[in-house]
Amino acid sequence: MPKSTPSLPPLGIGKRAFHIVASRFNTQYVDGLVDHAIEELRALAPNATISLHRVPGSFEIPVVVHEVASRNKADAIIACGVILQGETNHAQNLSRSVTDALQRIAIEHGVPVINVVLSFDNEDQARARCLENKINRGTEAARAAVEIANVLSEVRKNKERRFPVRRRDNG
């Protein structure tokens, strides 16, 4: 995992719609992710519409992400949740299930889903990545959302950059 936040993507061009689906479970940490994501989205895409949808826990995130994606009103969806490892393997099962569901939804609907449903061994790890500024995953998620929204917009407008193919002379 990187120890610093990735560089800034180009500013969001045009009107964008971002949705954040966030768990109420482990509220302190999830709110840190959401707050950082919203702050970064506002900085990078000042004309964007940002909608926040709250769900009880991480397991419920995919059903709301699916509903938002199926309406085709989102340029990107950020899924925010925090799963803390307990004494059983429930956290691992939950994390894998949510991750798989989010990926299927993104592919099925062609809407980017930024997965910030994070699993941590302890609260120190959660605090460092959800509440602090140095490696905040909410900030990273917003940057990824803006960047992928820009890329998809270009692809959908058929404006991909083309490079000439150079043939090698094998002689």
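Please treat every number below as a calculation from the coordinates, not as lab data. Worth saying up front: this structure is predicted, and the values here are computed from it rather than measured.
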TODO: Amide H neighbours of ILE83 under 5 Å, at least 5 residues apart or on other chains, H built in the peptide plane: list them.
DONE: LEU118, SER119, PHE120
- [ ] Could you pull out every residue, at least 5 positions away or on a different chain, whose amide H is within less than 5 Å of the one on ARG24? Hs are placed 1.01 Å off N in the peptide plane, and Pro or chain starts have none.
- [x] VAL55, GLY57
Open item on the list: Output wanted: per-residue J couplings in Hz (rounded whole) for the stretch 115-132, from phi through Karplus 6.51 cos²θ - 1.76 cosθ + 1.60, θ = phi - 60°, x for Gly and Pro.
Closed with: 8, 10, 8, 9, 9, 10, 6, 7, 6, 4, 5, 4, 4, 5, 9, 10, 10, 8
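With both bridge residues required to lie in the stretch 17-156, what share of the DSSP beta bridges run antiparallel, to the nearest 5%? Mind dumping the intermediate values first?
Values: 0 of 20 bridges.
DSSP beta bridges in the stretch 17-156 are roughly 0 percent antiparallel.
When the convex hull of the C-alpha atoms of the stretch 75-117 is computed, what volume per residue in Å³ does it have?
Numbers: hull volume 1.7 nm³, N = 43.
Given the Cα convex hull of the stretch 75-117, per-residue volume reads 40 Å³.
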Open item on the list: For a quick check: with amide H placed at 1.01 Å from N, whose amide H comes under 5 Å from ARG16's, ignoring anything fewer than 5 positions away on the same chain?
Closed with: ALA48, THR49
Task: Share of alpha-carbon pairs per 5 Å distance bin for the stretch 17-156, given as whole % - done: 2, 11, 22, 24, 21, 13, 6, 2, 0, 0
